[in-house]
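Reviewing the structure listed below.
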Amino acid sequence: MLALQRKGFITLPERTRTPPNPLAVRQKPQLIEIDQSPIRACIRDLKPLEIRQVRRTSFEKLYNSLLSQHHYLGYCHPIGEHLKYMLFSHQRPIACMGWSSAVRHLATRDRFIGWTAEVRKKNLHLIAYNTRYLILPWVEVKNLASHLLAVIAKRLSADWQGIYNHPVYLLETFVNTERFAGTTYRAANWVYLGVTTGRGKNDQTNKANRPLKAVWCYPLCRNFRQVLQNG
């Protein structure tokens, strides 16, 4: 009805109150303190590594707190399908990784896949987007970041299937080119696709208004194009 009023077709009575939108105004995650003593080792010293999917578990508050405190983008509540992972070594958390529904429009990715707009709408749910990746700042382990990406990639599709009743066949992410070179993703054999326009999804000016981001992706199977192009 608001859309009809904006177009001048109807006139609604004046609004008497505006109820709060819990999705728009969220409280920051509760601060949870943990052991921050330095971890300086090699990967083999951290094993066995434990991977926990923590969404809707007792560890989710800790995951949210760690991102809020230590990720440069902070914590943002995911929308749509999403999974949250924490990685532990000898019962101590060492990293957090978030995955969510794929970005709707992404020219470099869509050209890489070679699908039509119609097929994209149908199959977009078969891609997962790496929204957050945090190695805790007191963890200093050479090659750890790329190693954990590879470990998660081996189980992500099965976890998605278990929760959302469908697999994923391609992973994607953005890397802020003003802060990072994408070394971790390159070392984990992700594919560099190009750079965003910097205009955002709601752009009205055709001018860059945000940092450029490198687009990286990782196919989870050899025939990912065939699967994603299937209309």
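The values are calculated or read from the model by the stated rules, or taken from the named source; none is laboratory data. All values derive from a computational prediction rather than experimental measurement. Because the Cβ atoms are built from the backbone with ideal geometry, glycine has one as well, and the counts that use them run over all protein chains shown.
Some observations on this one:
- Among the residues examined, G80 qualifies as free of Cβ contacts under 8 Å to residues at least 24 places away in the same chain and at positive phi.
- Note on segment 111-146: residues that are buried (at least 17 other Cβ atoms within 10 Å of the Cβ), touching a residue at least 60 places away in the same chain (Cβ under 8 Å) and farther than 24 Å from C76 by Cα total 6.
- Given (1) farther than 30 Å from R120 by Cα; (2) over 15 Å from the mean Cα position of the chain (by Cα), number of the condition N64 does not satisfy: (2)
- Checking each residue in segment 150-175 for being touching a residue at least 60 places away in the same chain (Cβ under 8 Å) and in a helix (DSSP H, G or I) picks out V151, I152, A153, L156, S157, D159, W160, I163, Y164.
- Only listed residue being in contact (Cβ under 8 Å) with a residue 24 or more places away in the chain, of a type in the set (A, V, I, L, M), surrounded by 11 or more Cβ atoms within 10 Å (Cβ to Cβ) and more than 17 Å from R155 (Cβ to Cβ), chosen from L49, L62: L62
- Residue under evaluation Q91, criteria (1) polar (S, T, N, Q); (2) within 29 Å of S37 (Cα to Cα); (3) under 17 Å from the mean Cα position of the chain (by Cα), criterion not met: (3)
- Taking the criterion of being of a type outside the set (A, V, I, L, M, F, W, C), surrounded by 13 or more Cβ atoms within 10 Å (Cβ to Cβ) and over 16 Å from L220 (Cβ atoms), the residues of segment 148-184 that qualify are N176, T177, G182, T184.
- Matching residues, segment 79-93, being under 30 Å from L212 (Cβ atoms) and surrounded by 18 or more Cβ atoms within 10 Å (Cβ to Cβ): H82, L83, K84, Y85, L87
- The residue that is modelled with the lowest pLDDT, among those in segment 77-108 that are out of contact with any strand residue (DSSP E or B) (no Cβ under 6 Å at 6 or more places or on another chain) and of a type in the set (K, R), is R104.
- Flag if Q36 is surrounded by 10 or more Cβ atoms within 10 Å (Cβ to Cβ), modelled with pLDDT of 90 or more and on the phi < 0 side of the Ramachandran plot: yes
- Hits in segment 201-222 (condition: within 15 Å of T108 (Cβ to Cβ) and either at pLDDT below 60 or among the acidic types (D, E) (or both)): K201
- Only one of the numbered conditions (1) surrounded by fewer than 16 Cβ atoms within 10 Å (Cβ to Cβ); (2) touching a helix residue (DSSP H, G or I) at 6+ places or on another chain (Cβ under 6 Å) is not met by A102, and that is (1).
- Wholly enclosed strands (runs of 3 or more DSSP E) of segment 49-108 bearing at least 3 residues aliphatic (A, V, I, L, M): 82-89, 92-101
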